[in-house]
Amino acid sequence: MLVAGLLYLPMLRADFVWDARAQVLTGDYIQQSKHWIDVLTLRVLTHDVLDFNRPVHLASMMIDAAVWGRNPLGFHLTNLLMHVAAVGLVIGVGRRLGASEAAAFLAGLFFAVHPLLCETVAEPSYREDLLVMLFTLAAIWFVARQPFRRIDGVAAALCCFLAVGAKESGAATPLLVAMAAWFVHGRKSWKTWAPAVIGCFVVSGTFLVLRFVLEPKTSVIFTNPPSRLGGTVLDSVLIQTRITAFYLRQLIWPTELCADYGVMSLKHYPLGFALTALILVIVLQAWLATKSRLCMLGSTLYWLALLPVSNLVPIYRPMADRFLYLPMAGMALVLAGVATWLRWGKAAILSSLCIAALLGGVCVKRQAVWQNSVALWTDTRARNPLSFDAPNNLAAAFVDAGHPAKALEPAAYAIKLSNAKSADPLSIQAMALDALGRTAEAEESMRQAIALDARYGNPDQLVEALTCEKPHAERLKIIIKRL
């Protein structure tokens, strides 16, 4: 836990990037205390708000906003402390389910330093993955307590509610709680722990029903629903197979990390190779499950946590490192189970130190990418030249940094990638040209943006939709007045 805290200290100097800029700097929802009643009573499920379906995450962000305002230091500090707590829970759950001290240490250190988790820890708006991880493992920790008490069952059910209220991945928590209770307490005492497990399923199911029944029918934020990856269900399954194989490779050798993955990331993962790799991993996990219940639970956690963020149901972003935060806890528990089964002592400690040295260095380098928007989008563009978000957001970052001349090239590239069908890079190009005194060109670029999307004629609508930052809106208004 100390290693986890020290490792991420550089993030305390970081700025807000990507979605955090929209949620903390542009949006006012989490800044207003009047919204606490809506969040606590779940009325927020009916509101057109970013993360309306994740009230636990919203509450966490609102606490930070009440204490820190819009200061990024506080938001990053909260994420860092949550990651430290998550490491502790990996160790604690491992011990409660039979891992040796050395094996639990190995699992905890693996989870603490793995660079795949950097995105989640570095970006405050991705805190929902931290929260669902914390409450999922906490629920398992409570139900695995010996002797099991009624209060432990109540605590586990509450954690299940908080997990699914933080992110949809928490829907898997009750099943994991049931497995842990069976492993630890056995069939003979099922009457003691069964009511707690039933309670976990009830509270989680109730929240999910409310989430879909109360969802607002129209939205100014989510104007376009996510499209099915590949176009058909079969295409989605085949592409998801390749994505899953890619994730497994990143677990072992995380050298291709990117904030915006795309088709280029899968070029080395043909379908035949991906299927073979998945079958081998599943067979290995099934065999390990016969040797260790901890391996069984960890493997189940890994696959269940991946289901809600797979593309079997369309999602806005097909691939992301943050999707692996909770599944990584499962892999860490598998590692603890293997080390315990093999009776590693000194070998586990030595392996831990090697892991810390190898993965920790990559994690530190990855944190430098998340320090500010220019660094993030420069790295993303280099790793995925076909990403539209990378040059588009890089151009905006250069405008914010007072370098409009540097913004012109990435803006033009984003316009090219979109076949001149996206208004956003045209509006960014207009701001950069206007700052350079090229007013006629700026006005023409703005006219093209408005022709593509009428909302760009009224930038306040873009701010409401969280697609335009407030300083950008003021700059656009100046250009629009001259049209």
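Numbers at a glance
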| read-out | value |
| --- | --- |
| Filter pass, residue 166 being within 28 Å of residue 338 (Cα to Cα), of a type in the set (A, V, I, L, M) and touching a residue at least 40 places away in the same chain (Cβ under 8 Å) | no |
| Matching residues, segment 79-105, being among the small types (Gly, Ala, Ser) and either more than 19 Å from residue 121 (Cβ to Cβ) or buried (at least 21 other Cβ atoms within 10 Å of the Cβ) (or both) | 86, 92, 94, 98, 99, 100, 102, 103, 104 |
| Top-ranked residue of segment 230-265 - restricted to ones that are of a type in the set (D, E, K, R) and closer than 27 Å to residue 361 by Cβ, ranked as surrounded by the most Cβ atoms within 10 Å (Cβ to Cβ) | 260 |
| Conditions (1) more than 22 Å from residue 458 (Cβ to Cβ); (2) more than 27 Å from the chain's Cα centre (by Cα): number failed by residue 376 | (2) |
| Test: residue in segment 142-156 that is touching a residue at least 12 places away in the same chain (Cβ under 8 Å), touching an Asp or Glu at 6+ places or on another chain (Cβ under 9 Å) and of a type in the set (Phe, Trp, Tyr) | yes |
| Among the residues listed as 84, 56, the single one being modelled with pLDDT of 95 or more, within 26 Å of residue 14 (Cα to Cα), touching a Leu at 6+ places or on another chain (Cβ under 6 Å) and in the same structural domain as residue 326 (by TED's automatic domain parsing) | 56 |
| Lone unmet requirement of (1) closer than 30 Å to residue 293 by Cβ; (2) touching a Cys at 6+ places or on another chain (Cβ under 9 Å); (3) not small (Gly, Ala, Ser) for residue 344 | (2) |
| Residue check for residue 250: touching a helix residue (DSSP H, G or I) at 6+ places or on another chain (Cβ under 9 Å), closer than 25 Å to residue 377 by Cα, in a helix (DSSP H, G or I) and not aliphatic (A, V, I, L, M) | yes |
| In segment 367-383, the residues that are in contact with an Asp or Glu (Cβ under 6 Å, 6 or more places away or on another chain) and in a loop (DSSP other than H, G, I, E, B) | 372 |
| Tally of residues being surrounded by fewer than 24 Cβ atoms within 10 Å (Cβ to Cβ), among the polar types (S, T, N, Q) and in contact with a Leu (Cβ under 9 Å, 6 or more places away or on another chain) across segment 419-435 | 1 |
| Residue check for residue 316: at pLDDT below 95 and either touching a Phe, Trp or Tyr at 6+ places or on another chain (Cβ under 8 Å) or at positive phi (or both) | no |
| Residue under evaluation residue 246, criteria (1) modelled with pLDDT of 90 or more; (2) over 30 Å from residue 331 (Cβ atoms); (3) not charged (D, E, K, R), criterion not met | (2) |
| Total residues in segment 109-126, condition under 25 Å from residue 23 (Cα atoms) and assigned to a helix (DSSP H, G or I) | 11 |
| Hits in segment 436-452 (condition: surrounded by fewer than 18 Cβ atoms within 10 Å (Cβ to Cβ) and of a type outside the set (Gly, Ala, Ser)) | 436, 438, 439, 441, 443, 444, 447, 448, 452 |
| Residue match in segment 275-284 (condition: of a type in the set (Ser, Thr, Tyr), surrounded by fewer than 18 Cβ atoms within 10 Å (Cβ to Cβ), more than 24 Å from the chain's Cα centre (by Cα) and not assigned by TED's automatic domain parsing to the domain that holds residue 467) | yes |
| Hey, residue 213 surrounded by fewer than 13 Cβ atoms within 10 Å (Cβ to Cβ) and not assigned by TED's automatic domain parsing to the domain that holds residue 357 or not | no |
| Qualifying positions in segment 100-149 - of a type in the set (Asp, Glu) and touching a Lys or Arg at 6+ places or on another chain (Cβ under 6 Å) | 119, 128, 129 |
| Some residue of segment 448-468 being at pLDDT 95 or above and over 22 Å from residue 222 (Cα atoms) | yes |
| Odd one out for residue 284 among (1) outside any helix (DSSP H, G or I); (2) without any contact (Cβ under 8 Å) to a residue 24 or more places away in the chain; (3) under 25 Å from residue 113 (Cβ atoms) | (1) |
| Qualifying residue in segment 446-453 (condition: out of contact with any Asp or Glu (no Cβ under 7 Å at 6 or more places or on another chain), basic (Lys, Arg) and without any contact (Cβ under 8 Å) to a residue 12 or more places away in the chain) | no |
| Condition check for residue 296: of a type in the set (A, V, I, L, M), buried (at least 18 other Cβ atoms within 10 Å of the Cβ) and in the same structural domain as residue 126 (by TED's automatic domain parsing) | no |
| Single residue of 313, 364 found to be outside any helix (DSSP H, G or I) and over 23 Å from residue 393 (Cα atoms) | 313 |
| Within segment 174-199, tally of residues that are over 24 Å from the mean Cα position of the chain (by Cα) and either part of a helix (DSSP H, G or I) or not assigned by TED's automatic domain parsing to the domain that holds residue 51 (or both) | 18 |
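The values are calculated or read from the model by the stated rules, or taken from the named source; none is laboratory data. As the structure is a computational prediction, the values presented were derived from the model and not from experiment. Cβ atoms come from the backbone with ideal geometry, glycine included; neighbour counts cover every protein chain shown.
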